[in-house]
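Let me begin by presenting the structure, written as structure tokens, before commenting on it.
Throughout, read-outs are computed from the coordinates displayed, never taken from laboratory work. This structure is a prediction, so every number in the text was calculated from the model and none was measured. Methodologically, a virtual Cβ is constructed for each residue, glycine included, from the backbone with ideal geometry; neighbour enumeration extends over all protein chains shown.
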Amino acid sequence: MAVETLSPVPEVAPQSSEPEPQPLPQPRRYPDGVSWATVFWIGVLHLGALAAPFTYSTAGLITMLVLYWLTGGIGICLGYHRLFSHRSFTTYKPIRALIAIIGGLAGEGSAVHWTANHRKHHALSDHEGDPHSPREGFLWSHTLWCLGAMNQEHRQAHHARYAPDVSTEPF
């Protein structure tokens, strides 16, 4: 009679025969050029952050935290991400418009453009064409990807393909 023993060492899954993921091919990063307005906006935000320790006040801190929650938590996470990109819930048109305005105050572009980028990211996640794949590096996936300009024709095609439903919103 064989006795089964339990090993304290977990079994290790066999090694995959697939090669390690490689960085994606490097097409021209900004085919329509750089959006200097975006570069300026990000630069101003960082300069403001450098000034913050020298101009500290409790009222300023509370204001910053409330605006951060409002624009990031409500505008981007709830609005742009859950409401517009994933259609996780529905609400009245005036509320949709208000959430879109609040999201716009976060400085991440319009609801239509954000939604199109996010849906494209999900459609092509970590493959060629993903707008902010981490396979292209930390800086690219967190900041540099959003510095590219998009000409009007390219923008309209991008919105029509990935966010046609949001493109018809009155805001």
Worksheet entry | Unmet requirement for Trp41, which otherwise passes all of (1) in contact (Cβ under 8 Å) with a residue 24 or more places away in the chain; (2) more than 21 Å from the chain's Cα centre (by Cα) | (2)
Item to complete: Within the stretch 86-100, work out how many residues are under 20 Å from Ala116 (Cβ atoms) and surrounded by 12 or more Cβ atoms within 10 Å (Cβ to Cβ).
Response: 5
Practice prompt. Collect the residues in the stretch 133-149 that are part of a loop (DSSP other than H, G, I, E, B) and either buried (at least 17 other Cβ atoms within 10 Å of the Cβ) or among the aliphatic types (A, V, I, L, M) (or both), keeping them in residue-number order.
Written response: Ser133, Ala149
